[in-house]
1. On average, how much area does the Cα convex hull of the stretch 3-74 cover when viewed from any direction, in nm²?
2. Test of understanding: ordering Ser275, Ser244 by Cβ neighbours within 10 Å, fewest first, what list do you get?
3. Place a point 7 Å from the Cα of Ala248 along the Cα-to-Cβ direction; which residues of the stretch 271-296 have their backbone N under 15 Å from it?
4. Which parts of the stretch 45-60 would a label at Met1 reach, counting a residue when its backbone N lies under 15 Å from a point 7 Å out along Cα-to-Cβ?
5. Treating only the Cβ atoms of Lys and Arg (+1) and Asp and Glu (-1) as charged, compute the dipole magnitude of the stretch 85-195 about its Cα centre; round to the nearest 20 debye.
6. At 222 nm, what helix-only mean residue ellipticity would the chain give, in deg cm²/dmol to the nearest 500, using -39500 (n - 2.57) for each DSSP H run of four or more?
7. Once the piece of chain linking Ala279 and Arg18 is laid out straight, how much longer is it, given 0.36 nm per residue of separation minus the C-alpha distance between them?
8. Could you tell me the relative contact order of the stretch 1-135? Use alpha-carbon pairs under 8 Å, at least six residues apart, and round to a whole percent.
Amino acid sequence: MALRLPARAVLTAARTQRTLERLGLGRLPRVAGMAARARDRWLRAHPVAADLVDVEMDGVELRVPGPLAAYYLDRWFDPLTTRLLRRFLRPGMRVVDVGAHIGFYTVLVAEQVGAEGHVLAVEPAGDNVALLRENVARFGAVVEVVPCAAGAGPAERDFVLTDSSDTHSFYGSPLQAAVRTVRVEQRDLDSLTAGPVDLVKIDVEGAEPEVLAGSSRLLAENRRLALLVEWNPACLRRGGHDPSELPAALTGMGFGLEVIDELAGCRRPLGEVASWVAARAAPEWWFCNLWAVRGA
């Protein structure tokens, strides 16, 4: 049976602690560390320390690495983005998931587009690909897994594996330690896709501009295309990119943008966030999702 995350007892403790901290009561002995104590109690009673754990996150059933399951004991995974995609997607749509990791978004969109739709999941890290294939096996031909990286064109490149499976990248992570470097195949989305595409999700830890550079035909032919693109200033800088150039490039292609700030729990206007990022006021750990849509 899959563990349902977040765990209710841990989530309640975390919310209570945050509320009391906002009221100025955070230093009281029973308040300080309330969430951590609840997490420790829960972990002692459940096998999350295992290498792999079956979980359910917001209705999405996955097999995940144990450390990732533990991380989401007291929080939802991208709740704003999850709700937005469930409203946007329809049966029969065609979706490309670039940086599919182990498949949370791949499974989410596959369930929404159904047997008449198609999902192309692009992921270069071998261990992630193995779990991704396992997580999407029940969808049959609806999901096609491509074990490569996406970028500006065909190439073989060094790819940095970190100590957290969701931060592998070409450039290493500003927050996670590098473990080793492997060689991966890179392909452009124009060569990976054919026919209409309704949505492309891109989460590649700082290489998002390179994925867009290899998508000129796809972007030109699909005038009603929607994009969901991670905007991570620290990762973009590690990749040699000016973070401000990513939203500017998208608006230059005719997309209207909205910032989905999961860390703050709200949707925000681009101008407000862009000035904050340009002033380098964003902390190293901050990131958000850009929701990009355009008409015909």
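A short reminder: the numbers here are calculations on the coordinates, not readings from a lab. Quick caveat: nothing in here was measured; it's all calculated off a predicted structure. Glycine also receives a Cβ, built like all others from the backbone with ideal geometry; neighbour counts cover every protein chain displayed.
1. 4.8 nm²
2. Lowest to highest Cβ neighbour count: Ser275, Ser244.
3. It comes to 271, 274-280, nothing else.
4. Under cut-off, by backbone N: 46-47, 54-56.
5. So the magnitude is around 280 debye.
6. Working: 12 runs with 103 residues, N = 296.
Rounded to the nearest 500, it is -9500 deg cm²/dmol.
7. 91.1 nm
8. On the way: 190 pairs, mean separation 30.1, N = 135.
Result for the stretch 1-135 is 22 percent.
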